[in-house]
Amino acid sequence: MSTSSNSGTLFVVSAPSGAGKTSLLRALLDSEDNLVLSVSHTTRPPRPGERDGVDYHFVAADEFESMLGRGEFLEHATVFGNRYGTGRAQVNASLSLGVDVILEIDWQGAHQIRQAMPESVQLFVLPPSREVLGQRLRDRGTDSGKVIEARLRAAGREISHFREFDYLLVNDDFDRALGGMRAVVQAARLSLARQQVRHAVLIRDLLADSQPIE
């Protein structure tokens, strides 16, 4: 991704299942302009209420493998036996139009994005405690007890990668956590690299009559 006047920022948000990142991202998208969530492809079946093309692009395993073979994924990972992948063309098209894009992916995908696009901004979300994490998973009512236990066991492995991210957020209070997410987005948008491109004409005009400091 080049730094140009029409280049958006790629945000990556990761967390263990049940940390609340999806709810936070929905609220963030409702409150921020020029920000979209990339819709991932997955081989897992839809959960109640999920819509194809909105929550995920639900595809068969053989179709996923074909897309992978054609190099259509920016990142991909296997999580709890299901395949997930981010469409390369979809993300690049939004970024080229100056639209900021959020990827809601696991640490494996975040690592791949970090290697391919080191300028991406990466955020990890923690639950306030293991007990709260377990309760949130049970409250969702979408997984069996066996699956919930597997997710809790996996949570520690996922959390161990938090040091690889740029920002760390604890979702102990929803409004406070949402404010933290907004702050990360605004900080990226106000970075020197982005602002000096966005305001190149203004900066040029302001410096037109400046004299070098001896």
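The values are calculated or read from the model by the stated rules, or taken from the named source; none is laboratory data. These figures come from a predicted structure and were not determined experimentally. Cβ coordinates were reconstructed from backbone atoms using ideal geometry, including for glycine residues, and neighbour counts include every protein chain displayed.
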Review point. What is the residue count in segment 155-169 for residues that are surrounded by fewer than 12 Cβ atoms within 10 Å (Cβ to Cβ) and either among the aromatic types (Phe, Trp, Tyr) or touching a His at 6+ places or on another chain (Cβ under 7 Å) (or both)?
Key: 0
Point to revise | Single condition residue 28 does not satisfy, out of (1) over 27 Å from residue 172 (Cβ atoms); (2) at pLDDT 95 or above; (3) aliphatic (A, V, I, L, M) | key: (1)
Review point. When segment 123-141 is examined, which residues are found to be surrounded by 13 or more Cβ atoms within 10 Å (Cβ to Cβ) and either touching a Phe, Trp or Tyr at 6+ places or on another chain (Cβ under 7 Å) or not in a helix (DSSP H, G or I) (or both)?
Key: 123, 124, 125, 126, 127, 128
Study note, to complete from the structure: All-but-one check, residue 83 against (1) without any contact (Cβ under 8 Å) to a residue 60 or more places away in the chain; (2) charged (D, E, K, R); (3) outside any strand (DSSP E or B), failing number (3)
Study note, to complete from the structure: When every residue in segment 191-211 that is small (Gly, Ala, Ser) and under 21 Å from residue 121 (Cα atoms) is compared, the one nearest to the chain's Cα centre (by Cα) is 191
Exercise for review: Quick one: residue 151 ticks every box in (1) at pLDDT below 90; (2) touching a Gly at 6+ places or on another chain (Cβ under 9 Å); (3) surrounded by fewer than 13 Cβ atoms within 10 Å (Cβ to Cβ) except a single one, so which number is it?
Suggested key: (3)
**Study point:** Candidate set: segment 42-88, residues that are among the polar types (S, T, N, Q) and out of contact with any Leu (no Cβ under 8 Å at 6 or more places or on another chain); chosen: the one farthest from residue 14 (Cα to Cα)
**Key:** 66
**Study point:** Selection from segment 11-37 of residues that are of a type in the set (Ser, Thr, Tyr) and either closer than 21 Å to residue 139 by Cβ or crowded, with 19+ Cβ neighbours inside 10 Å (or both)
**Key:** 14, 17, 22, 23
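Does segment 174-192 contain any residue that is small (Gly, Ala, Ser), buried (at least 16 other Cβ atoms within 10 Å of the Cβ) and in contact with a Gly (Cβ under 9 Å, 6 or more places away or on another chain)?
At the first step, the residues of segment 174-192 found to be small (Gly, Ala, Ser) are 177, 179-180, 183, 187-188, 191.
In the following step, the residues that additionally are buried (at least 16 other Cβ atoms within 10 Å of the Cβ) were identified as 177, 180, 188.
Imposing the further condition that a residue be in contact with a Gly (Cβ under 9 Å, 6 or more places away or on another chain) reduces the set to 177.
Among the residues of segment 174-192, at least one is small (Gly, Ala, Ser), buried (at least 16 other Cβ atoms within 10 Å of the Cβ) and in contact with a Gly (Cβ under 9 Å, 6 or more places away or on another chain), which makes the answer yes.
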**Study point:** Residue in segment 68-85 that is modelled with the highest pLDDT, counting only those that are touching a helix residue (DSSP H, G or I) at 6+ places or on another chain (Cβ under 9 Å) and aliphatic (A, V, I, L, M)
**Key:** 74
Review point. If you take the residues in segment 50-77 that are in a loop (DSSP other than H, G, I, E, B) and of a type in the set (Gly, Ala, Ser), which one is farthest from residue 91 (Cα to Cα)?
Key: 60
